[in-house]
1. Please determine, by comparing only the residues of the stretch 21-37 that are open to solvent by 30 Å² or more (accessible area, probe 1.4 Å) and not in a strand (DSSP E or B), which one is farthest from Ile112 (Cα to Cα).
2. Which number in (1) within 30 Å of Phe36 (Cα to Cα); (2) open to solvent by 20 Å² or more (accessible area, probe 1.4 Å); (3) touching a Leu at 6+ places or on another chain (Cβ under 7 Å); (4) not small (Gly, Ala, Ser) marks the one condition that Glu223 misses?
3. Please go through the stretch 71-95 and pick out each residue that is assigned to a loop (DSSP other than H, G, I, E, B) and either over 23 Å from Ala48 (Cα atoms) or among the polar types (S, T, N, Q) (or both).
4. Determine whether Ser94 is within 17 Å of the chain's Cα centre (by Cα) and among the hydroxyl-bearing types (Ser, Thr, Tyr).
5. Have a look at Ala79, Ala47 and point out the one that is of a type in the set (A, V, I, L, M, F, W, C) and in contact (Cβ under 8 Å) with a residue 24 or more places away in the chain.
6. For residues that are surrounded by 14 or more Cβ atoms within 10 Å (Cβ to Cβ) and at pLDDT below 90, scanning just the stretch 38-50, find the one that is nearest to the chain's Cα centre (by Cα).
7. When you look at Leu237, is it in contact with a strand residue (DSSP E or B) (Cβ under 8 Å, 6 or more places away or on another chain), without any contact (Cβ under 8 Å) to a residue 24 or more places away in the chain, open to solvent by 40 Å² or more (accessible area, probe 1.4 Å) and farther than 17 Å from Asp159 by Cβ, yes or no?
8. Given (1) under 18 Å from Gly221 (Cβ atoms); (2) touching a Lys or Arg at 6+ places or on another chain (Cβ under 6 Å), where does Pro165 come up short, assuming only one miss?
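The values are calculated or read from the model by the stated rules, or taken from the named source; none is laboratory data. What you see is a predicted model; the values in this text were computed from it and never measured. Here Cβ is always computed from backbone atoms with ideal geometry, including for glycine, and neighbour counts include all displayed protein chains. With ligands, DNA and RNA removed, areas are computed over all heavy atoms of the protein, side chains included. Shrake-Rupley method; radii C 1.70, N 1.55, O 1.52, S 1.80 Å.
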Amino acid sequence: ESAHQTTNQVLRRMLIAEDMVLEQRTVPIGVLMVIFESRPDALPQVAALSIASGNGLMLKGGKEAKHTNQMLFGLVQRALEKYCPTTAVQLITSREEISDLLKLHEFIDLVIPRGSSQLVQSIQKAAGSIPVMGHAEGICHVYVDKGCDAEQAKRIVVDAKCNYPAACNAMETLLLHKSHLTSGVFHSLMDELKRNSVKIHIGPRLAMHLPISPKPLEDFGVEYGALECNVEIVDTLQDAVQVITNY
């Protein structure tokens, strides 16, 4: 039902000449091949999105979660039985199969590797003429500007770090406008993060304003994937954008 609601929908229609109408419609991409590393929770997430958008799907998970992936794949197959052929979603079990499948450029429409930069680069090299949607490196930041809603900022920061700390889009660095050192927002946010068992790494600029501080953080490029994050202060929004651009 979701696929029928999301595909073949007219987004825009334009008359470009007499008796000639140009339409923009939502359509499935075709057959997707998604390769992910050790996080098996990606399997049901990707399967659900592919089914809802009317795409066929081939999945390859990390060997570390082989049995969990097989169990989750079985649940996906059972869910599909009532609505469409179960062959719409397939599980790849060996690395050798990936190399063979990447040669089938006439059947696979898009490859999406999810994992390390090394994984993405290796798939891009092996995919040949098949489009690859690779991701860029970098970590996620939250910036709290001056004049913010303090309660809203607290909810956003805690959710960004604590909702799912192992996810690749979890917050790893919190940037605060320097005015928050005296506005009460800084102490409120630190108390809330500590209450949620978050280990805090202090940036060098922030360390200068604290009476007692551990050794300042040297590397802002670390992806913790856990209940840890960096905290630093900046002078302006532009400074925050520069930090985010760098990391």
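1. By that ranking, first place goes to Thr26.
2. All conditions are met except number (3).
3. Residues of the stretch 71-95 that are assigned to a loop (DSSP other than H, G, I, E, B), as a first pass: 81-85, 93-94.
Of everything in the stretch 71-95, those that are assigned to a loop (DSSP other than H, G, I, E, B) and either over 23 Å from Ala48 (Cα atoms) or among the polar types (S, T, N, Q) (or both) turn out to be Thr93, Ser94.
4. Working: within 17 Å of the chain's Cα centre (by Cα): no; among the hydroxyl-bearing types (Ser, Thr, Tyr): yes.
It is false that Ser94 is within 17 Å of the chain's Cα centre (by Cα) and among the hydroxyl-bearing types (Ser, Thr, Tyr).
5. Working: Ala79 fails: in contact (Cβ under 8 Å) with a residue 24 or more places away in the chain.
After ruling out the rest, the residue left standing is Ala47.
6. Looking at residues that are surrounded by 14 or more Cβ atoms within 10 Å (Cβ to Cβ) and at pLDDT below 90, I get Ala42.
7. Working: in contact with a strand residue (DSSP E or B) (Cβ under 8 Å, 6 or more places away or on another chain): yes; without any contact (Cβ under 8 Å) to a residue 24 or more places away in the chain: no; open to solvent by 40 Å² or more (accessible area, probe 1.4 Å): yes; farther than 17 Å from Asp159 by Cβ: yes.
When the stated conditions are applied, Leu237 does not pass them.
8. (2)
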